[in-house]
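The values are calculated or read from the model by the stated rules, or taken from the named source; none is laboratory data. Since the structure is predicted, the reported quantities are computational estimates derived from the model, not experimental observations. As a convention, Cβ positions derive from the backbone with ideal geometry for all residues, glycine included, and neighbour counts pool all protein chains shown.
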Amino acid sequence: MSPTDGPSPPYDRPVRVERRAVDEAESRHANGPDWDRYADEYQATHGPFLGDAGFVWGPEGLTEDQAGVLGDVSGKDVLEVGSGAGQCSRWVREHGGRGFGVDLSFRQLQHGRRLDDATGVPVPSAQATATALPFRDDSFDVVFSSFGALQFVSDLEAAVAETARVLRPGGRYAFSITHPTRWMFPDDPGQPGLTASQSYWDRTPYVEVEDRTGEVAYVEHHRTLGDWVSLLAAEGFRLTDLLEPEWPEGHERVWGGWSRLRGRLTPGTALFGADWEPR
């Protein structure tokens, strides 16, 4: 369901798909190595679209320059959770902010170092999970995630609480995810992806299990729009933005389950913006 290229690549390791409960430790153990395996292909395939110092919120191509969800980042401390190669954080730095990144995948962070050297805009980054951010309380003015860590987290309450902890009073939080309604449909960019096949309210995670070892190799977690709003409200966030980017005219890119065919009929991305005040 994330903007990869459909289910994670097999890497010569056949997998079977299941829908079942997976806890935070198992999700983390699967998704870190999976993104390490996929990082080279991901950056080679999507790097030009993302830009070395670009800020794209999703496969539709909506940029932060267009959306303005973060507000003015100049002079602010900004954390990107699930930063990948740091493209968005590099954009932050080019717009006067102090951008920092964290990602679970070490290989993605290595690509970040490559782009640091290529652009001359280094992004300080750390290997970490969204549920245990390695920063002191009140460290940042803005925290964001562009199709980053959140869909791969089981303990989302802990991740949102961690965001609140590291934000300063009056801080800004923004993130994009697969639009929750997409979970009703097969992850297919063609005609089969237009027919609802399961319940929107079925929150059972999507799981890939390696045939040879029986280990979980990849996990994505689903929440409804109501779940996301409730989670934000429970931590004191005030929702200010909920954008559902339309598919642009002339945009022919196919990215996993995202395509012009589907994008003209149903939203593929949800973008949330919220302000935080301590209670």
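Here are the numbers:
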{"read-out": "Phe237 being closer than 30 Å to Ser139 by Cα and either surrounded by fewer than 17 Cβ atoms within 10 Å (Cβ to Cβ) or under 16 Å from the mean Cα position of the chain (by Cα) (or both)", "value": "no"}
{"read-out": "Count - residues of segment 157-184 that are outside any strand (DSSP E or B) and buried (at least 19 other Cβ atoms within 10 Å of the Cβ)", "value": "9"}
{"read-out": "Matching residues in segment 211-267 - criterion: being in contact with a Gly (Cβ under 8 Å, 6 or more places away or on another chain) and closer than 26 Å to Arg28 by Cβ", "value": "Gly256, Gly257, Trp258"}
{"read-out": "Complete set of residues in segment 215-253 that are within 22 Å of Gly263 (Cα to Cα) and assigned to a strand (DSSP E or B)", "value": "Glu220, Asp241, Leu242, Leu243"}
{"read-out": "Options Gln66, Gln108; residue that is among the polar types (S, T, N, Q) and surrounded by fewer than 21 Cβ atoms within 10 Å (Cβ to Cβ)", "value": "Gln66"}
{"read-out": "Gln151 outside any loop (DSSP other than H, G, I, E, B), closer than 16 Å to Arg28 by Cβ, touching a His at 6+ places or on another chain (Cβ under 8 Å) and of a type outside the set (A, V, I, L, M)", "value": "yes"}
{"read-out": "Filter result for the condition that a residue is under 29 Å from Pro248 (Cα atoms) and in contact with a Ser or Thr (Cβ under 9 Å, 6 or more places away or on another chain), over Leu79, Leu104, Leu156", "value": "Leu79"}
{"read-out": "Top-ranked residue of segment 1-48 - restricted to ones that are over 14 Å from Val207 (Cα atoms) and basic (Lys, Arg), ranked as modelled with the lowest pLDDT", "value": "Arg13"}
{"read-out": "Residue in segment 220-233 that is touching a helix residue (DSSP H, G or I) at 6+ places or on another chain (Cβ under 6 Å) and β-branched (Val, Ile, Thr) present", "value": "yes"}
{"read-out": "Check on Tyr200, buried (at least 22 other Cβ atoms within 10 Å of the Cβ) and either in contact (Cβ under 8 Å) with a residue 12 or more places away in the chain or of a type in the set (Gly, Ala, Ser) (or both)", "value": "no"}
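Okay, residues lined up against (1) of a type outside the set (S, T, N, Q); (2) under 17 Å from Gly68 (Cβ atoms):
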| residue | (1), (2) |
| --- | --- |
| His222 | yes, no |
| Ser230 | no, no |
| Arg238 | yes, no |
| Asp241 | yes, yes |
| Gly256 | yes, no |
| Leu265 | yes, no |
| Thr269 | no, yes |
| Pro278 | yes, no |
